[in-house]
Amino acid sequence: MEIYSYSHINTFENCPLRYRYRYIDRIKVDTKFVEAFMGSRVHKSLEKLYRDDIWDKESSLKSLLDFYHSNWEKNWHDSVIIVRKEYSREHYREIGRRSLEQYYKRYFPFDQTEIRALEKRIEIPLDDFRFVGYIDRLSRRVDGTYEIHDYKTSSRLPLKHDIDEDWQLAIYQLGIQEWDDVNDVDLIWHYLVFDKEFRSKRSPETLENLKREIVSKINDIKDTSDFEPKKSPLCGWCAYQNLCSAGKRSF
């Protein structure tokens with residue numbers, strides 16, 4: 001059974017040629033953009049924060065930030081690319097640090113819900129395909145409502161309409177709603193740079209429509225033979241620019 005993910009579909013919709021390079025030709029690249037690098041360090045720090053909480057080990061703000069800085073230094077490499085030259089490595093590092101500090105102060109002592117899983121792998125069978133994803137944090141409130149949390153380090157805030165139309169967390173809901181104790185689910189996005197939280201719900205009808213929509217999107221990918229490039233501002237953050245005339249630039 002073929003496996004697809006949110007990244008598969010999102011990559012194809014943004015640029016079919018990039019999809020081909022990444023998922024069909026499987027061309028490996030060493031480059032990573034600083035925004036993604038910073039996001040990974042923030043995610044790892046929050047994962048450690050809640051994992052410590054599971055084991056009844058309280059993490060101070062200092063220990064959280066120390067871990068963040070140590071993890072940053074340990075993983076930084078010369079292939080990390082900064083596209084916006086007006087900003088430095090330390091600028092992005094400070095954005096991540098500030099995001100973690102804001103989050104810590106907002107939710108301490110982190111007892112709002114019971115943690116059920118961190119980086120939870122979810123598999124959803126869809127016709128002849130299997131959809132796979134990872135939930136940043138899955139938790140359960142005292143009233144029995146499950147919460148699917150996702151951490152974002154984007155430099156832009158979404159509109160409420162964008163949140164209610166976002167399907168990434170909704171399909172993760174499909175992966176847990178058959179569990180015996182799941183009756184109600186909240187989808188929660190944390191836009192960490194802005195210290196903002198967005199919540200949304202999906203009706204059973206919306207989720208059924210989503211299943212059909214995702215299958216249609218996957219079939220569009222499978223039916224494609226000409227993976228044409230799609231030029232957009234995202235070309236500046238594409239690791240395959242040296243292979244593509246549409247977005248080629250020199251790092």
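Odds and ends about this structure:
- Residue satisfying condition, being over 21 Å from the mean Cα position of the chain (by Cα), outside the structural domain of Lys196 (by TED's automatic domain parsing), at pLDDT 95 or above and polar (S, T, N, Q), within set Ser99, Ser63, Ser79: Ser63
- Residues considered: Ser225, Ser216, Ser203, Ser154. Of these, the only one that is loosely packed, with under 15 Cβ neighbours inside 10 Å and outside the structural domain of Arg141 (by TED's automatic domain parsing) is Ser225.
- Exclusive hit being buried (at least 18 other Cβ atoms within 10 Å of the Cβ) and closer than 29 Å to Tyr92 by Cα, set Asp136, Asp195: Asp136
- The residues listed here are Ile81, Ile54, Ile27; of these, the one that is out of contact with any Phe, Trp or Tyr (no Cβ under 8 Å at 6 or more places or on another chain), touching a residue at least 60 places away in the same chain (Cβ under 8 Å) and among the aliphatic types (A, V, I, L, M) is Ile54.
- Taken over segment 71-91, residues that are surrounded by 12 or more Cβ atoms within 10 Å (Cβ to Cβ) and either farther than 16 Å from Phe33 by Cα or in contact with a Pro (Cβ under 6 Å, 6 or more places away or on another chain) (or both) amount to 1.
- Only one of His77, His8, His91 that is over 27 Å from Phe131 (Cβ atoms) and not in a loop (DSSP other than H, G, I, E, B): His91
- Test: residue in segment 169-178 that is within 23 Å of Asp127 (Cβ to Cβ) and small (Gly, Ala, Ser): yes
- Of the strands (runs of 3 or more DSSP E) entirely within segment 122-215, none holds at least 3 residues that are hydroxyl-bearing (Ser, Thr, Tyr) and on the phi > 0 side of the Ramachandran plot.
- The set of residues in segment 157-183 being surrounded by 14 or more Cβ atoms within 10 Å (Cβ to Cβ) and either in the same structural domain as Tyr50 (by TED's automatic domain parsing) or of a type in the set (Phe, Trp, Tyr) (or both) consists of Trp167, Tyr172.
- Selection from segment 29-60 of residues that are under 20 Å from Leu234 (Cβ atoms) and outside any strand (DSSP E or B): Val29, Asp30, Thr31, Val34, Glu35, Ala36, Phe37, Met38, Gly39, Ser40
- Criterion: at pLDDT below 95 and within 17 Å of His190 (Cα to Cα) - qualifying residue of Ser139, Ser155: Ser155
- Looking only at segment 40-73, residues that are touching a helix residue (DSSP H, G or I) at 6+ places or on another chain (Cβ under 8 Å), among the charged types (D, E, K, R) and closer than 27 Å to Glu90 by Cβ come to 3 in all.
The values are calculated or read from the model by the stated rules, or taken from the named source; none is laboratory data. Please read these numbers as outputs of a predicted model, since none were measured by experiment. Reconstructed Cβ throughout: ideal geometry from the backbone, glycine too, with neighbour counts over all protein chains shown.
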